[in-house]
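**Student:** The structure under discussion is supplied below as structure tokens; questions concerning it will follow.
FYI, it's all coordinate maths here, none of it is from the lab. Just so we're clear, the structure is a prediction, and the values are computed from it rather than from any experiment. So basically every Cβ, Gly included, is an ideal-geometry build from the backbone, and we count neighbours across all protein chains shown.
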């Protein structure tokens, strides 16, 4: 049976696979910061070269932002399109990293060996699980078990501005029978999961200007508007005392959970006390009348992701600043419309604004939530394959994060997407000291090999 | 008459005086930032050398922070102690400066020639008006008209941590008949002013910690406390809808204006529309039932001078941060007690804090307000001398800023202080593009020469 040989090859080749991943991790592909443009190009080139070494016809494609990587290999039967992203989050605050973020290394921890560094879990380590499964198939059998295309983006962590135009312009080339996305996690420590419900995201930046220059607070304090105080009251007013978002129309399109999903999620026995305890908290915040898992997977939120204004350095400066800025994001569910919510946010802010102050909204882009249909037989084939690899059976779950690509695949290309990943809750993605468990990497590669075998076999 | 000769010498020597000031301005004596420690030392050394060149017995005195400069010269009659500070405010945001802040230059503007650069008005330019008046007296008469001591501080812009201990330790040496302080401004464009009422200042830094690390807002948003949102609601709750500060006990010790002072201030016909218009605003903020001048000179305030948390760079990062920080200051009047208000602030914050979050208060130091007695005959002598120099008669005024030294002179050394300065409202102190009018510098030197002559003559 070729699958057994492929799995054995994966086990034997793990050190080499890890070395290859480290090479990709060393490239500082921070997409949101223009200073790292060249590093993003290098990561795209690295992937093109690696795909070519696997026999793919692969190319770097330019966009107005960072390049896309597209590759195709021949194969029989089902045609799958694998998506991943090679860009990573910024690394600040740098002083909270125990090791340099772009010098990845294996590290022994109480919970096993981890690969430490920016992008290990989100998403380079996950992306490479699929490439390594393909590499093992080719090494053992000389070919791939199904027809495979690859599509890698370099702007996922910065709002994917080039993604939709690129997909529209290359519709035929990017369409396959089903999409595979590896940017999610296990449920808990050991339950493999296929995500079928994803929240959307509306990202806003709000810049308030009061006086036209920085002022002395002794001279102008009180009588001149302070943009930090205006911004604070705008942020405070976004939630009521029950934790609900106050924007008019915000809850339009937010569905209640079906009894079936609710009972399925209850069966997962989510340990919200442990979830909070792992980050030093003990009291759930958010909507008072919702369960924690419901809030994370199926309720919309509004959070402040950054704030800045006035003097932020050591010591004190009695300045009354001209400007203050906040980055505010909304997670969306159901059919909540990002454009309508952006308009409602703008109206709310303008109504809170004193007449001689101004507000700017330099971002305001977003994508709605996604709900997968699981009618394609690939879903059950993949679920069975995952259950074979892991100690517990695979589950269909929701996801608090936003992976707009899944919705785009459906909307633009008419493809269903299977979101399967091997990250863990303590991977610290988007934070200092990001890691990916070596076990996630190893069993992730094995999982994809099993899934490809199951898709090739085609049984339900 | 020697005064006429001294004034003529001042006029003839203005270019040289300006060149000397530029030398001092080029020293980057930012006291709040430890990176500029050496620059502060250099500014102190420069002043010691300059005082020695005037025949003063001058020394740099070490403190746990930046050094003090103390100098004494012999002279007959009244003994005056002149105070100034050689440290300056930070220069950020640097990109808003039209010229480098530490490369001072003369600049022609629509309103006349200005000296542009950090510290020109606050306080190096003002400090040098007094030294240049002394220099002119010595050049013309060979001696000073009264007995003069000098006392320069290097920590005025960073809360003066070493000042009170130094004054206590050197009480005898620093005591004179009256203190002169040059760190204030004209009233309007042309009315010379002696400040007799100064607000106090309580400076707070508030650091809120929620989760013990930065989190992904898709995973933890809603359910985990966001320290930026907690901080925003704390800031918002500090004022009620009428603009009053809500801290319990905050208004204890805030006096109402006497009818006499109120009518004197009404006679000043303060142009609050112009005051706001010059900074791009039109609607007075603050307490609804108070006049603008009352708010600036005689009412307490609470302002936010800086805020920081989460991702502040370009683009977007969906982080839910562990910490958020604000710098908050209270201006105090009457007998408001900074220690009692600090305690009230701490209690207020702790009451607003969710049980699994923490607050830190790394600063919390302050000084109360000052009210000068004007019974010493020097006040009326100085007022007459100022009225001779300027086109309008000098006025006794209040000041929104906080110059705790005046209170310390009274409390520790038993001296009254005369606060006389030549800054203008548009000097942009504490802001980018700080300037000092060449006319302020020139007529400031002449004003001090006249005041010294009047104090020497001793007539009422």
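**Student:** Within 10 Å of each Cβ in B:291-302, how many Cβ atoms from other chains are there, averaged over the peptide? Kindly include the intermediate steps, with their values, before the conclusion.
**Tutor:** On the way: counts 1, 2, 1, 1, 3, 7, 0, 0, 3, 2, 8, 5.
Partner Cβ neighbours, averaged per residue: 3.
**Student:** Also, I was wondering about something else. Taking the DSSP beta bridges in the protein assembly as shown as the whole, what percent of them are antiparallel, to the nearest 5?
**Tutor:** Expressed as a percentage, antiparallel bridges in the protein assembly as shown total about 70.
**Student:** At residue A:15, label 7 Å along Cα→Cβ: distances to the other copies, nm, ascending?
**Tutor:** 8.0
**Student:** Take residue A:212 and residue A:62, extend 7 Å from each Cα along the Cα→Cβ direction, and tell me the distance between the two endpoints in nm.
**Tutor:** 4.2
**Student:** Could you check how many percent of all C-alpha pairs in the stretch B:137-204 are farther apart than 17 Å?
**Tutor:** Everything past 17 Å amounts to 65 percent.
**Student:** Let me ask something else about it. Provide A:168, B:262 in ascending order of the number of other Cβ atoms located within 10 Å of each residue's Cβ, fewest first. Each step should come with its number before you reach the end.
**Tutor:** Values: A:168 12, B:262 15.
In order of increasing Cβ crowding within 10 Å: A:168, B:262.
**Student:** May I ask you to give the average projected area over all directions of the convex hull of the Cα atoms of the stretch A:21-63, in nm² rounded to one decimal?
**Tutor:** Across all orientations, the stretch A:21-63 yields a mean hull projection of 3.3 nm².
**Student:** Also, I was wondering about something else. Expressed as an acute angle from 0 to 90° and rounded to the nearest 10, what is the orientation of the C-alpha long axis of helix A:227-237 relative to the principal long axis of chain A?
**Tutor:** So the inclination is approximately 60 degrees.
**Student:** Could I ask something else about it? What percent of all Cα-Cα pairs in the stretch B:1-141 falls into each 10 Å bin, going from 0 up to the bin containing the maximum distance?
**Tutor:** It works out to 11, 37, 34, 15, 3, 0, in whole percents.
**Student:** Which value, to two decimals, describes the C-alpha radius of gyration of chain B once divided by 2.2 N^0.38 Å?
**Tutor:** 1.03
**Student:** A further question follows. Measure out, as a whole number of angstrom, how far apart the alpha-carbon centroids of the stretch A:249-320 and the stretch B:157-198 sit.
**Tutor:** Cα centres, the stretch A:249-320 to the stretch B:157-198: 51 Å.
**Student:** Output, in nm with one decimal and in ascending order, the distances from the residue A:393 label point to the matching label points of the other copies (7 Å from Cα along Cα-to-Cβ).
**Tutor:** 9.7
**Student:** Let me ask you something else. Please compute the contact order of the stretch A:1-122 in relative form: average sequence separation of alpha-carbon pairs under 8 Å and at least six residues apart, divided by the residue count, as a percent. Don't skip to the end; give the middle numbers.
**Tutor:** Numbers: 131 pairs, mean separation 27.4, N = 122.
Rounded, it is 22 percent for the stretch A:1-122.
**Student:** Let me ask something else about it. Once you average over the residues of B:279-290, how many Cβ atoms of partner chains fall within 10 Å of each Cβ? Display every interim value, and only then the final one.
**Tutor:** Working: counts 13, 10, 12, 3, 7, 5, 13, 6, 2, 0, 0, 2.
Going residue by residue through B:279-290 and averaging, the value is 6.
**Student:** What is the gain in length, in nm to one decimal, between residue B:141 and residue B:271 on full extension, counting 0.36 nm per residue of separation less the C-alpha to C-alpha distance? Show your work: numbers first, answer last.
**Tutor:** Details: separation 130, 0.36 × 130 = 46.80 nm, distance 4.30 nm.
Difference between extended and current length: 42.5 nm.
**Student:** Using alpha-carbon positions, what is the distance between the centroids of the stretch A:9-40 and the stretch A:212-235, in Å?
**Tutor:** A separation of 46 Å, based on Cα centres.
**Student:** For residue B:411, put the label point 7 Å out on the Cα→Cβ axis and report which residues of the stretch B:235-250 keep their amide N under 19 Å from it.
**Tutor:** B:250
**Student:** Sticking with this one: Could you please tell me the mean projected area of the C-alpha convex hull for the stretch B:349-460, averaged over all directions and given in square nanometres to one decimal?
**Tutor:** Average of the hull's projected areas for the stretch B:349-460 equals 11.1 nm².
**Student:** What area, in nm² and to one decimal, does the C-alpha convex hull of the stretch A:160-285 cast on average over all directions?
**Tutor:** 14.9
**Student:** In the stretch A:184-207, whose amide N lies under 14 Å from the spot 7 Å out along Cα-to-Cβ of residue A:258? List them in ranges.
**Tutor:** It comes to A:196-197, nothing else.
**Student:** Determine the relative contact order of the stretch A:397-460: mean sequence separation of Cα pairs under 8 Å and six or more apart, normalised by residue count, in whole percent.
**Tutor:** Relative contact order for the stretch A:397-460 comes out at 18 percent.
**Student:** Could you work out the relative contact order of chain A, using alpha carbon pairs under 8 angstrom and six or more residues apart, expressed as a whole percent?
**Tutor:** Reported relative contact order: 25 percent.
**Student:** Calculate I(q)/I(0) for the stretch B:397-460 by the Debye formula, one identical point scatterer on each C-alpha and no solvent, and give its log10 at q = 0.12, 0.17 Å⁻¹ to two decimals.
**Tutor:** Once normalised to I(0) and log-transformed, intensities are -0.46, -0.86.
**Student:** State, to one decimal in nm and shortest first, how far the label point of residue B:94 sits from each corresponding label point in the other identical copies (label point: 7 angstrom along Cα-to-Cβ).
**Tutor:** 1.5
**Student:** With labels modelled as points extended 7 Å from the Cα through the Cβ direction, what inter-label distance (nm, one decimal) is found for residue B:37 paired with residue B:52?
**Tutor:** So the label points at residue B:37 and residue B:52 sit 2.4 nm apart.
**Student:** Let me ask something additional. Provide, as a two-decimal number, the C-alpha radius of gyration of the protein assembly as shown over 2.2 N^0.38 Å, N being how many residues it has.
**Tutor:** 1.15
**Student:** Cα centroid distance between the stretch B:117-138 and the stretch B:396-416, in Å?
**Tutor:** 20
**Student:** By how many nm would the segment from residue B:45 to residue B:11 lengthen if fully extended, with 0.36 nm per residue of separation less the alpha-carbon distance?
**Tutor:** Details: separation 34, 0.36 × 34 = 12.24 nm, distance 2.74 nm.
Net length gain for the segment: 9.5 nm.
**Student:** Could you calculate the FRET efficiency of residue A:278 with residue A:4 from 1/(1 + (r/R0)^6), where r is the beta carbon distance between them and R0 is 51 Å, rounded to 0.05?
**Tutor:** The formula returns an efficiency of 0.85 here.
**Student:** Right, another one. Report the residues of the stretch A:1-42 in range of a label on residue A:170: point 7 Å along Cα→C-beta, backbone N strictly under 16 Å from it.
**Tutor:** Taking a point 7 Å out along Cα→Cβ of residue A:170, the residues of the stretch A:1-42 whose backbone N falls under 16 Å are A:41-42.
**Student:** Same structure again: Using only atoms on other chains, find how many Cβ atoms lie within 10 Å of each Cβ of peptide A:357-365 and report the average.
**Tutor:** Across the residues of A:357-365, the mean count of other-chain Cβ atoms within 10 Å is 1.
**Student:** Which order do the peptides B:439-450, A:142-153, A:72-83 come out in when sorted by mean C-beta neighbours inside 10 angstrom, highest first?
**Tutor:** Working: B:439-450: 24.2, A:142-153: 21.5, A:72-83: 18.7.
Packing proxy ranking, top to bottom: B:439-450, A:142-153, A:72-83.
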